[in-house]
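The values are calculated or read from the model by the stated rules, or taken from the named source; none is laboratory data. Please read these numbers as outputs of a predicted model, since none were measured by experiment. Cβ atoms come from the backbone with ideal geometry, glycine included; neighbour counts cover every protein chain shown. The area values use the complete protein model at the heavy-atom level, side chains included, leaving out ligands, DNA and RNA. Shrake-Rupley method; radii C 1.70, N 1.55, O 1.52, S 1.80 Å.
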Amino acid sequence: MYLCDELMTSELSMEVPVYCLDKCSEVTRRFFETYAHDADFVARSPGRVNIIGDHIDYCNFSVLPMAIDVEMLCAVRVLPHETSITLTNADPRFAQRQFDLPLEDSLGIDPATSDWSNYFKCGLLVAHKFLQAGSEPLHDVGMQVFCQGSVPTGGGLSSSAAFICATALATIRAHRGRDCVISKQDLTRITVDAEHYLGINNGGMDQCASVCGQRDHAMYVEFKPILKATPFPLPRGVQFVVSNTLVVSNKFETAPTNYNLRVVECTIAASIIAKRYGITLKGDRGPGDLRDVIDTYCDGLMPDLRSGLEGVDQGIARLATALDLVEETLGPKSKGYTTAEAADALGMSPAQFTTEYLTVFPVRFHTLQLYNRAKHVFSEALRVLLCLRLMTRPVTDTQRFLTTFGALMNESQSSCRDFCDCSCEETEQISQIALENGAYGSRLTGAGWGGCTISLCHGEESVLSVKKALHEQYYNKRFPHLSQRELEAAIIISKPEEGSALYEHCTAV
Ligand code: ATP
Ligand code: GLA
């Protein structure tokens, strides 16, 4: 995987904003009840919803997420010259944790166990590494922390990224003091692959959206040639209904057969295509990815790829070529590869192949679905660019815009189901109900295998009609015992929100 060295945000304020702590009265009240002391500050980072472009960020293809108004808040009291960290959570499912610094190099993160404190430790670890790399001495700084999250966990809205980004932000603030300046660039750069310490080989979409989100704007997030987040306003009247299947899919627990396996399959597919066309991949860390393959193949054949909105048409042309390469190279084996067959295609022994591809993040499979995964990645990356082009050009015919955009979302859902194999029956049902009741397009969002769906609506009336139908046909039937509060939380009509922020006592702002 990559580690992004640079981040550019067009038109974005480059510093994490600081607001008055009065805005966080509930979490600071809970902090006081827990620790009998006032919190010094609150660090906040939001969840995100991805409009389109799932399971492609780890291949370095661009995505279209937006930060939303569910969030992780960490209220913190700094304990100078102490080493103890105490974590309390508003959610009783997450019991209190306490540990002392310094722990060994990995801060005691054990990828063999799934504990919520591991996510906190990931944020702490990357923040410590960042401070040390910048030659800031790591003096002892203990913390009492009260965490309050409203992002549904394992729901495809990036509760984990919201938590890690808030934690990393809190740790840097605790070390640097209250007048510190923290750049969004640094916070994104250090958090994008923090979950790798947990054994999850994620891409960088969630952290970038959570840190860099901008109110009333979706984000065009690019990973190559540099990590870049370009905000753009949603066309007038466009509304997204985000509804939770209430099927929880924990990325960590299912990683060897689901998330990490998809990453590995895409990497192997890239290597096989590269070998077939004599392409030397530039992957700076291990084997290259599908983005490297198509960029290297097209360089010289097509004009140089520009970044940002200027490169959209060039990207579309390149991805059409990429889909042809998939058919020519992997199409004959659309039923999947055994380990021996994949090794053979790469001219390696099975043992060499296993060492190279299957051990860093362990995976389990019957056959490797290389054709399906590569087809999903290139076609989904293409749909992202087509959607972006639609959304960033003036809308002259609203109906045409909505049906074209909706069709791309529906194709994305079919590809996630048939080629990426990350959908599930409940997601299919929600999407179907939404489409039958006024939505123009509907798809899963995030990692999938449950979690949330996102449906494209236009105007209040269609939002209300989709919401009513989902209550009647999905939630009341499948989950008749939900409380009113749970039912309300299951459907989020969210507008794009601002990314990470700090809240300080007013005199300090
Ligand atoms: P996706 O990555 O698909 O968008 P997600 O980030 O919500 O979904 P996971 O990556 O599986 O899902 O992360 C869920 C885990 O993150 C939880 O099991 C828990 O350990 C941790 N977590 C998330 N929210 C909280 C919270 N409010 N309090 C404590 N831990 C949390
Ligand atoms: C999870 C990962 C992201 C991305 C999505 C799927 O949310 O954390 O990096 O891969 O799944 O698009």
Could you identify the single residue in Val70, Val76, Val42 that is β-branched (Val, Ile, Thr) and more than 20 Å from Cys212 (Cα to Cα)?
-> Val76
Of the conditions (1) under 23 Å from Trp449 (Cα atoms); (2) touching a His at 6+ places or on another chain (Cβ under 6 Å); (3) not acidic (Asp, Glu), Leu402 clears all except one; give me its number.
-> (1)
Do we have any residue at all in the stretch 112-121 that's among the charged types (D, E, K, R), in a loop (DSSP other than H, G, I, E, B) and at pLDDT below 95?
-> yes
Residue count, the stretch 251-260, condition crowded, with 18+ Cβ neighbours inside 10 Å, of a type in the set (S, T, N, Q) and either in a helix (DSSP H, G or I) or under 15 Å from the mean Cα position of the chain (by Cα) (or both), comes to 1
Candidates Glu82, Glu71, filtered to the one that is assigned to a strand (DSSP E or B) and either of a type in the set (Asp, Glu) or more than 19 Å from Arg30 (Cα to Cα) (or both) | Glu71
Output the number of the condition that Ala320 fails; it satisfies all remaining conditions of (1) in contact with a Lys or Arg (Cβ under 9 Å, 6 or more places away or on another chain); (2) of a type outside the set (D, E, K, R); (3) within 22 Å of Phe61 (Cβ to Cβ); (4) surrounded by fewer than 17 Cβ atoms within 10 Å (Cβ to Cβ).
-> (1)
Taking the condition within 16 Å of ligand 2 (Cβ to nearest atom), open to solvent by 10 Å² or more (accessible area, probe 1.4 Å), touching a Ser or Thr at 6+ places or on another chain (Cβ under 7 Å) and at pLDDT 95 or above, does Ser159 pass?
-> yes
Matching entry among Lys468, Lys495 (being open to solvent by 70 Å² or more (accessible area, probe 1.4 Å), in contact (Cβ under 8 Å) with a residue 24 or more places away in the chain and not in a loop (DSSP other than H, G, I, E, B)) | Lys468
Go through the residues of the stretch 28-35 one by one and say whether even a single one is open to solvent by 30 Å² or more (accessible area, probe 1.4 Å), touching a Cys at 6+ places or on another chain (Cβ under 8 Å) and away from ligand 2 (no atom under 16 Å from the Cβ).
-> no
For the subset of the stretch 62-82 comprising residues that are open to solvent by less than 10 Å² (accessible area, probe 1.4 Å) and farther than 24 Å from Tyr19 by Cβ, which member is farthest from ligand 2 (Cβ to nearest atom)?
-> Leu64
Out of curiosity, is Leu138 more than 24 Å from the chain's Cα centre (by Cα), more than 16 Å from ligand 2 (Cβ to nearest atom), open to solvent by 50 Å² or more (accessible area, probe 1.4 Å) and closer than 15 Å to Ala170 by Cα?
-> yes
Which one of Ser455, Ser431 is hydroxyl-bearing (Ser, Thr, Tyr), away from ligand 1 (no atom under 16 Å from the Cβ), open to solvent by less than 30 Å² (accessible area, probe 1.4 Å) and touching a residue at least 40 places away in the same chain (Cβ under 8 Å)?
-> Ser455
Only one of Arg44, Arg93 is more than 16 Å from ligand 2 (Cβ to nearest atom), under 24 Å from the mean Cα position of the chain (by Cα) and assigned to a loop (DSSP other than H, G, I, E, B), namely Arg93
Any residue in the stretch 338-360 that's assigned to a loop (DSSP other than H, G, I, E, B): show its pairings with residues that are open to solvent by less than 40 Å² (accessible area, probe 1.4 Å) and of a type in the set (A, V, I, L, M, F, W, C) at Cβ separation under 8 Å, as long as the two are six or more apart or on different chains.
-> Thr338/Leu368; Leu346/Ile268; Leu346/Ile272; Leu346/Phe353; Ser349/Ala343; Leu358/Val264
Out of (1) modelled with pLDDT of 95 or more; (2) surrounded by 16 or more Cβ atoms within 10 Å (Cβ to Cβ); (3) assigned to a helix (DSSP H, G or I), what's the single condition that is false for Val312?
-> (1)
Going through the stretch 469-492 one residue at a time, which ones are touching a Phe, Trp or Tyr at 6+ places or on another chain (Cβ under 8 Å) and under 30 Å from Thr191 (Cα atoms)?
-> Ala490
What number of residues in the stretch 414-447 are touching a helix residue (DSSP H, G or I) at 6+ places or on another chain (Cβ under 6 Å) and either in a strand (DSSP E or B) or within 16 Å of ligand 2 (Cβ to nearest atom) (or both)?
-> 10
Of Arg176, Arg215, the only residue that is touching a strand residue (DSSP E or B) at 6+ places or on another chain (Cβ under 9 Å) and open to solvent by 10 Å² or more (accessible area, probe 1.4 Å) is Arg215
Could you check how many residues of the stretch 323-333 are surrounded by fewer than 14 Cβ atoms within 10 Å (Cβ to Cβ) and either modelled with pLDDT under 90 or hydroxyl-bearing (Ser, Thr, Tyr) (or both)?
-> 2
(1) at pLDDT 95 or above; (2) β-branched (Val, Ile, Thr); (3) within 16 Å of ligand 1 (Cβ to nearest atom) all hold for Ile200 apart from (1)
